[in-house]
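For reference, the structure is listed below as structure tokens.
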Amino acid sequence: MKKFYYLIPVLLLLMSVNLSAQDNPLLGNWLMDTDKSVKAMADDTKARYDSLDTERKARVKSSMTGRSFQFMEGGKIKVLWKAGEQQRESVGAWELGEERGTVKITIDDKPQVFDYSFSQGVLMLRSRQATGLFSTLCFIRQ
């Protein structure tokens, strides 16, 4: 009977952790899907991407492949990517924006606001400030 009384607080703790993760669907590890991100490009951006020579397009795609965003409890974020053969990492902060469906990510004291949405299990982050080829990033949960 004593074991049962110890089990109740443990179960309550596990349920509360699970509920907080359900409250925020961004929490967790997300791996960038480069092909989906290319498909999500606006028409003019996609035309620019398609006009790149094969070697440059491969370098651009390679630089984006394998990127991951780790949204952690407490508003911490870790971004991982490869530069050549070296693994790189940046750590920053994230918070849900005042507008529904927005998230502010700050890395190296540079805040960026993204609109986020989910479609068929894919997280889509659309940067409001991006001027490069990849203004929409698509991720799958790891």
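The values are calculated or read from the model by the stated rules, or taken from the named source; none is laboratory data. All of these numbers come straight from a predicted model, not from anything done at the bench. Here the Cβ positions follow ideal geometry from the backbone for every residue, glycine too, while neighbour counts run over all protein chains shown.
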- Item | First in the range 127-142 and free of Cβ contacts under 8 Å to residues at least 40 places away in the same chain, second anywhere and of a type outside the set (A, V, I, L, M) and in a loop (DSSP other than H, G, I, E, B), Cβ under 8 Å, 6 or more apart | 127/135
- With respect to the numbered conditions (1) assigned to a strand (DSSP E or B); (2) in contact (Cβ under 8 Å) with a residue 40 or more places away in the chain, which one is the sole condition not fulfilled by residue 117? (2)
- Of all residues making up the range 72-87, the number that are under 28 Å from residue 58 (Cα atoms) and under 16 Å from the mean Cα position of the chain (by Cα): 6
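Any idea which residue in the range 104-114 is farthest from the chain's Cα centre (by Cα), counting only those that are of a type outside the set (A, V, I, L, M, F, W, C) and part of a strand (DSSP E or B)?
First pass over the range 104-114, keeping only residues of a type outside the set (A, V, I, L, M, F, W, C): 104, 106, 108-112.
Now restrict to residues that are part of a strand (DSSP E or B): 104, 106, 110-112.
Details: 104: 12, 106: 13, 110: 16, 111: 15, 112: 13 Å.
Only one residue fits best here, namely 110.
Starting from residues that are part of a strand (DSSP E or B) and among the hydrophobic types (A, V, I, L, M, F, W, C), keep the ones in the range 20-32 and report whichever is nearest to residue 100 (Cα to Cα).
Just the residues of the range 20-32 that are part of a strand (DSSP E or B), to begin with: 28-32.
Filter once more, keeping what is among the hydrophobic types (A, V, I, L, M, F, W, C): 30-32.
Numbers: 30: 20, 31: 23, 32: 23 Å.
It comes out as 30.
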- Considering only the range 33-103, give the strands (runs of 3 or more DSSP E) lying wholly within it that have at least 3 residues that are at pLDDT 95 or above and surrounded by fewer than 15 Cβ atoms within 10 Å (Cβ to Cβ). 86-96
- When you go through (1) at pLDDT 90 or above; (2) within 15 Å of residue 32 (Cβ to Cβ); (3) part of a loop (DSSP other than H, G, I, E, B) one by one for residue 132, which number turns out not to apply? (1)
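Is it the case that some residue within the range 19-26 is modelled with pLDDT of 95 or more and exposed (fewer than 11 other Cβ atoms within 10 Å of the Cβ)? Step through it out loud before you land on a result.
Applying the first criterion (modelled with pLDDT of 95 or more) to the range 19-26 yields 26.
Add one more test, that the residue is exposed (fewer than 11 other Cβ atoms within 10 Å of the Cβ), and what stays is none.
No - not one qualifying residue is present in the range 19-26.
Condition check: loosely packed, with under 11 Cβ neighbours inside 10 Å, basic (Lys, Arg) and more than 21 Å from residue 138 (Cβ to Cβ). Does residue 110 satisfy that?
Working: loosely packed, with under 11 Cβ neighbours inside 10 Å: yes; basic (Lys, Arg): yes; more than 21 Å from residue 138 (Cβ to Cβ): yes.
Judged against the criteria, residue 110 is a match.
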